[in-house]
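The values are calculated or read from the model by the stated rules, or taken from the named source; none is laboratory data. Since the model is a prediction, treat every value here as computed from it, not as a measurement. For neighbour counting, all protein chains shown are included, and Cβ atoms are generated from backbone atoms with ideal geometry for every residue, glycine included. Remember, those area values only see protein heavy atoms, side chains included, never the ligands or the DNA or RNA. Shrake-Rupley method; radii C 1.70, N 1.55, O 1.52, S 1.80 Å.
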Amino acid sequence: MAYFPDVTKIEFEGPSTDNPLAFRHYNPDEIVEGKSMRDQLRFSVCYWHTFRASGVDPFGAPTMQRPWEDGTDSVDNALRRVDVAFEFMEKLQAPFYCFHDRDVSPEGSTLAESNSNLDKIAAKLKAEQERTGIDLLWGTANLFSNPRFMHGAATTCNADVFAFAAAQVKKALEVTHELGGLNYVFWGGREGYHNLFNTDMKRELDHMARFLHLAKDHAKSIGFEGQFLLEPKPKEPTKHQYDFDAAACMNFIRSYGLEDVCKLNVETNHATLAGHTMMHELQYSSMQGALGSIDANTGDMMLGWDTDQFPTDIYLTTQCMLVILEQGGLTPGGVNFDAKVRRESFEPIDLFHAHIGGMDAFARGLKIAAKIRADGKLTDIVKNRYRSWDEGIGAKIEAGEVNFADLEAYMLKKGEAAPNESGRQEFLENLINDYI
């Protein structure tokens, strides 16, 4: 049965096409910086927003028209949803997908029943992966929706809840491994606090680290060699989450000896909530050797929460791809569309329009970033700005060859320090505009 009967395979037709169900800029086989666009961008469809979002919000009931849904959270409905997902991803030419355990499989009344349900769905996911060649970019466990996690999962005040979360992650890791998942993500939706008067922050962080070390040990025991990804987010639903931003995550990772375990999965909307740009979070992660994957979305600046909209801003995608290309790509991570269609965009066809727009936007960002890098103007400007560090006293400072007394003597002799030159911010903004 076809669930999207009016949609054929989405093909590249070029910028001049007026076909809304075609790529204008994303040509999977086009070579950019020595790799195909398919391999540079590694697009992934997220299961939760794409196939589980209903359009419900705090002020209204579900709005989405999903003819394949029967209104139950049954195994049969979940199995049918797998058919829907793979038809969609095949027609979109998406090479990867991602899921939470509870996205793909219904939670049972007991852990054993939940595990059994997940095994049934995983078997079908595996068969569809083998049939289509679509791979699992990453799996994860939903440790935030069930009321048992109201105080957190790894950071809960209840040891039994910690144990339940560990059992759930154990199973999710095993299923991710069985499906050939390339990464495993930890997103601490409720790993934080609302009130410090009732919180032992040190103990909670210690427990969070213990949880990740236990996950590392289990991954090793089952032969899972995928990349662990920690996902920064500052708030919402908690007042403060311990994985606040890339810098907080790196401090946590280093403090608890997890450098060989975790890289970061960085999301635009989370960067915004932390008061940063996506480029800042990517640059910080990358310079730490920790940029592993990204969740590609954007937020509405007029609202102020995690709206998870599809990315269509070419400045944003260009900035992302400048950092990603500079570090040589995201493999084994990718560009995952952690984004949902708007509540008012309720027809199934809107799912295609949204993903096509996001894929085209990133394809344009990729090509623009590659052109900027090939021209070398931006690199030359930055290099010139720091030229005083390439020789003389600057080179000696970086090499550790001088102390404060040496620097005092140097300045007493020289007399004064003057700025090199203008920062040329406006010139640079105009330059980037020209490329875009």
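Remark on region 289-396: Rg and Dmax equal 18.2, 65 Å (Cα only).
With both partners inside region 188-335, how many of the DSSP beta bridges are antiparallel, as a percent to the nearest 5?
Once the DSSP bridges in region 188-335 are tallied, antiparallel ones form about 25 percent.
For region 194-302, the fraction of C-alpha pairs farther apart than 16 angstrom is 60 percent.
Largest to smallest in accessible area, the residues SER74, SER422 fall in the order SER422, SER74 (1.4 Å probe, all protein chains included). For the chain, the relative contact order works out to 16 percent when only alpha carbon pairs closer than 8 Å and six or more residues apart are counted.
Within the full protein context, the accessible area of CYS157 is estimated at about 110 Å² for a probe radius of 1.4 Å.
In the elastic network of the chain, a GNM with C-alpha springs shorter than 10 Å, the most mobile of ASP217, ASP380, ASP243 is ASP380.
Would you mind checking the pairs LYS91/LYS126; LYS239/LYS383; LYS91/LYS367; LYS126/LYS170; LYS120/LYS340 and listing those with alpha carbons more than 29 angstrom apart? As for pairs spanning more than 29 Å Cα to Cα, those are LYS239/LYS383. Here region 40-180 is assigned +1 on the Cβ of each Lys and Arg and -1 on the Cβ of each Asp and Glu. Its dipole about the Cα centre then comes out at about 220 debye.
To one decimal place, what orientation-averaged projected area in nm² is obtained for the convex hull of the Cα set of region 145-218?
Mean projected area for region 145-218: 5.1 nm², to one decimal.
Shape summary of the chain, radius of gyration then Dmax from alpha carbon positions: 23.7, 83 Å. Summary of the geometry: region 229-295 and region 136-197, compared by the centres of their Cα atoms, lie 17 Å apart. Each Lys or Arg adds one and each Asp or Glu takes one away; over the other residues whose Cβ falls under 10 Å from the Cβ of CYS46, this sums to -2.
Among LEU137, LEU111, LEU179, the largest mean-square fluctuation in a Gaussian network model of the chain, built with springs joining Cα atoms closer than 10 Å, belongs to LEU111. Any idea what log10 I(q)/I(0) is at q = 0.12, 0.14, 0.18 Å⁻¹ for region 1-145, Debye with uniform C-alpha scatterers and no solvent? Per q value, in the given order, log10 I(q)/I(0) is -0.59, -0.78, -1.15. Rank ASN27, ASN195, ASN115 by mean-square fluctuation in a GNM of the chain with C-alpha springs under 10 angstrom and give only the top-ranked residue. Maximum fluctuation in the GNM of the chain, among the listed residues, is at ASN195. Would you mind counting up the charge near TYR435? Only other residues with Cβ under 13 Å from its Cβ, with Lys and Arg at +1 and Asp and Glu at -1. Here the count lands on +2. Amide H to amide H, with H built 1.01 Å from N, PHE228 comes under 5 Å of TYR184, LYS263, counting only residues 5 or more places away or on other chains.
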